[in-house]
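Chemist: Just passing along the structure, written as structure tokens.
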Amino acid sequence: MPEDLGNAEYDYIIIASTKYEGEIRQKLERLLPQNENILSIGEFYYKLFLEENEDRLQDNFMYSYFMGNENVSIDKWLHYYRIYDRYFHAYRGTDVVFLEIGVDKGGSLQMWKNYFGEKATVIGVDIDDKCKVFEQGNAKVEIGLQEDPKFWEHIKDKYPRIDILLDDGGHTMNQQIVTFECMFPFLSDGGIYMCEDTHTSYMENFGGGYGGKNFIGYSKKFIDDMHAHFSKVLQPNYNTESMYSVHF
């Protein structure tokens, strides 16, 4: 029973429910007012991740920026910073044109400006026109629906070159698939297309679900596309000619 927690031995108390996290936390804090080890699943994940990876992250600019940031909100999984740096590091200090879908409170837009440097053009895309306030210098903000092909035609007309596209938008299946189909062919040669938070492919409220039409299932076919020249069944397409590698 919850009343017995004060006499129990434990390292952490993990709140497993996301829906009732606030309510459960309040009750636990009343029972154990001085306890600092009441954690949500996300907080517990971060704690474990830092214990296992802190040494590897010491020289990671984005992680250091995130940890030292006190001005604007940045909402990223911690393990993303190593992945970002692995693929984006070669573009630092260049005139790269970088587009991220999802501006939110503007924190990541500022991070990318600092990461890539003054020569870069950083474009943020969001559905909320209030995000325009974060436009400054080499950081641009475009407002539109990511599942609307006409919006992407506007982007391609306005920006003749995009080197890196990072999809951190609404995470629905339609948004991810439409964005890829509109924008992957537009990337410059040697460019990078990255879609994150693909766990939503398994979540019904995002239009996903195992075995259904989701972005993970859609992108698995890229492997077949890349090898179509060697098949008597598959037909080569744009992906066959254009994809250098696919990483999951």
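The values are calculated or read from the model by the stated rules, or taken from the named source; none is laboratory data. Because the structure is predicted, anything quoted here is derived from the model rather than measured. Note that each Cβ is placed from the backbone with ideal geometry, even for glycine, and that neighbours are counted across all protein chains shown. For the accessible areas, the whole protein counts, side chains as well, though only heavy atoms, and no ligand, DNA or RNA atoms are used. Shrake-Rupley method; radii C 1.70, N 1.55, O 1.52, S 1.80 Å.
Chemist: Residues being exposed (fewer than 14 other Cβ atoms within 10 Å of the Cβ) and acidic (Asp, Glu): count how many of those fall in the range 146-164.
Modeler: 2
Chemist: Next up: Among the residues of the range 26-43, count how many are part of a helix (DSSP H, G or I) and open to solvent by 50 Å² or more (accessible area, probe 1.4 Å).
Modeler: 7
Chemist: Same structure again: Just give me the residues in the range 83-107 being within 18 Å of residue 155 (Cβ to Cβ), open to solvent by less than 10 Å² (accessible area, probe 1.4 Å) and outside any loop (DSSP other than H, G, I, E, B), in sequence order.
Modeler: Of everything in the range 83-107, those that are within 18 Å of residue 155 (Cβ to Cβ), open to solvent by less than 10 Å² (accessible area, probe 1.4 Å) and outside any loop (DSSP other than H, G, I, E, B) turn out to be 98, 99, 100, 101.
Listed here are the residues, each with its yes/no results for (1) within 17 Å of residue 101 (Cβ to Cβ); (2) open to solvent by 60 Å² or more (accessible area, probe 1.4 Å); (3) at pLDDT 95 or above; (4) in contact with a helix residue (DSSP H, G or I) (Cβ under 6 Å, 6 or more places away or on another chain).
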{"position": "166", "(1), (2), (3), (4)": "yes, no, yes, no"}
{"position": "176", "(1), (2), (3), (4)": "yes, no, yes, yes"}
{"position": "180", "(1), (2), (3), (4)": "yes, no, yes, no"}
{"position": "184", "(1), (2), (3), (4)": "yes, no, yes, no"}
{"position": "187", "(1), (2), (3), (4)": "yes, no, yes, no"}
{"position": "213", "(1), (2), (3), (4)": "no, yes, no, no"}
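Chemist: Right, here's the next one. Would you please name the residue that is nearest to the chain's Cα centre (by Cα), looking only at residues in the range 198-211 that are surrounded by fewer than 18 Cβ atoms within 10 Å (Cβ to Cβ) and at positive phi?
Modeler: In this case the residue turns out to be 209.
Chemist: Tally up the residues in the range 28-57 that are free of Cβ contacts under 8 Å to residues at least 12 places away in the same chain and within 25 Å of residue 164 (Cβ to Cβ), please.
Modeler: 0
Chemist: Quick check on the range 108-145: of everything there that is among the acidic types (Asp, Glu) and over 18 Å from residue 159 (Cα atoms), which residue is least open to solvent (accessible area, probe 1.4 Å)?
Modeler: Of everything passing the filter in the range 108-145, 128 is least open to solvent (accessible area, probe 1.4 Å).
Per-residue answers, yes or no, for (1) hydrophobic (A, V, I, L, M, F, W, C); (2) within 22 Å of residue 140 (Cα to Cα):
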residue: 16; (1), (2): yes, no
residue: 24; (1), (2): yes, no
residue: 38; (1), (2): yes, no
residue: 52; (1), (2): no, no
residue: 55; (1), (2): no, no
residue: 93; (1), (2): no, yes
residue: 102; (1), (2): no, yes
residue: 105; (1), (2): no, yes
